[in-house]
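The next block holds one structure in the form of C-alpha cells; read it before the comments.
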Amino acid sequence: LTGEGRPLSSSFSFSSLLIFFFSVHLKHKLKACVLPIVILPEAGYARPTRIPLDPGDVILMLTDGFREASDTQWQLFGEKRIVSTVAANRHLSSREILETLRNSALDFADGSHPVDDMTGIVVRVLAT
C-alpha cells in the first residue's frame with residue numbers, strides 16, 4: 001500500500017479477525033463484522049470504515065488464535081500483548097513482525113500446543 005493520506009476502506013466478514021493500524025502506537029482497531037446470512041431491509045449493517053493511512057503505518061490482520069494463546073494458568077496472550085509486541089517491533093519487516101508476534105505468543109503459551117490456528121497478514125504503508 002502507498003500512503004498519501006488516502007483512506008483505507010474495508011469491510012471484513014471474519015468474525016474473529018482482528019485488524020490493528022499502527023503508526024508509532026496503536027492508531028486504530030477495527031472490529032470485524034459478520035457476513036449476514038439474510039439481508040433484511042429494516043436491519044442495520046455496518047458501513048465500511050475509512051481510516052487515513054500515512055507512510056510508515058503498519059496494518060495487522062490476525063485471526064483470534066494469537067489473542068487466545070494461553071499459558072499453563074489459562075491466561076490469554078490477549079490484545080494488550082499483541083499491541084505491545086507489534087509496537088516494539090514495528091521497525092522490522094512485515095515478515096519479521098509476524099514471526100516475532102507468533103514466537104511471542106508461543107513462548108507465552110510455554111510450550112503448550114496452540115488450540116487454534118495463528119494466521120496473520122502484516123502490511124506496511126510505503127511512501128510514494
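The values are calculated or read from the model by the stated rules, or taken from the named source; none is laboratory data. Quick caveat, the model's predicted, so the values are computed rather than measured. Neighbour counts are summed over all protein chains in view; Cβ atoms, including those assigned to glycine, are modelled from backbone coordinates with ideal geometry. Note: accessible area is taken over every heavy atom of the protein model, side chains too, but ligands, DNA and RNA are not part of it. Shrake-Rupley method; radii C 1.70, N 1.55, O 1.52, S 1.80 Å.
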* Asked: All but one of (1) in contact (Cβ under 8 Å) with a residue 40 or more places away in the chain; (2) part of a helix (DSSP H, G or I); (3) closer than 20 Å to H25 by Cβ hold for G65; which doesn't?
  -> (3)
* Structure fact -> Expected output for the range 106-128 (first residue free of Cβ contacts under 8 Å to residues at least 24 places away in the same chain, partner loosely packed, with under 11 Cβ neighbours inside 10 Å, Cβ below 9 Å, 6+ apart or cross-chain) is G111/T72
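Residue-by-condition table, conditions (1) part of a helix (DSSP H, G or I); (2) within 16 Å of H25 (Cα to Cα); (3) touching a Ser or Thr at 6+ places or on another chain (Cβ under 6 Å):
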| residue | (1), (2), (3) |
| --- | --- |
| E79 | yes, yes, no |
| V86 | yes, yes, no |
| L92 | no, yes, no |
| R95 | yes, no, no |
| E99 | yes, no, no |
| A105 | yes, no, no |
| G111 | no, no, no |
| V115 | no, no, no |
| M118 | no, no, no |
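Take the residues in the range 57-79 that are polar (S, T, N, Q) and over 16 Å from N103 (Cα atoms), then tell me which one is most open to solvent (accessible area, probe 1.4 Å).
Within the range 57-79, the first condition is being polar (S, T, N, Q), and the residues that meet it are 63, 70, 72-73, 75.
If we keep only those that are over 16 Å from N103 (Cα atoms) too, we end up with 72-73, 75.
Details: T72: 87, Q73: 134, Q75: 109 Å².
So, considering only residues that are polar (S, T, N, Q) and over 16 Å from N103 (Cα atoms), the one most open to solvent (accessible area, probe 1.4 Å) is Q73.
So for the range 16-27 (the condition being farther than 19 Å from D117 by Cα and at pLDDT below 65), does at least one residue qualify?
Of the residues in the range 16-27, the ones farther than 19 Å from D117 by Cα are 21-27.
Subset that is at pLDDT below 65: none.
So far as the range 16-27 goes, no, none of its residues is farther than 19 Å from D117 by Cα and at pLDDT below 65.
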* **All positions within the range 84-105 that are in contact (Cβ under 8 Å) with a residue 24 or more places away in the chain and buried (at least 17 other Cβ atoms within 10 Å of the Cβ)** => V86, R90, I97, L98, L101, R102, S104, A105
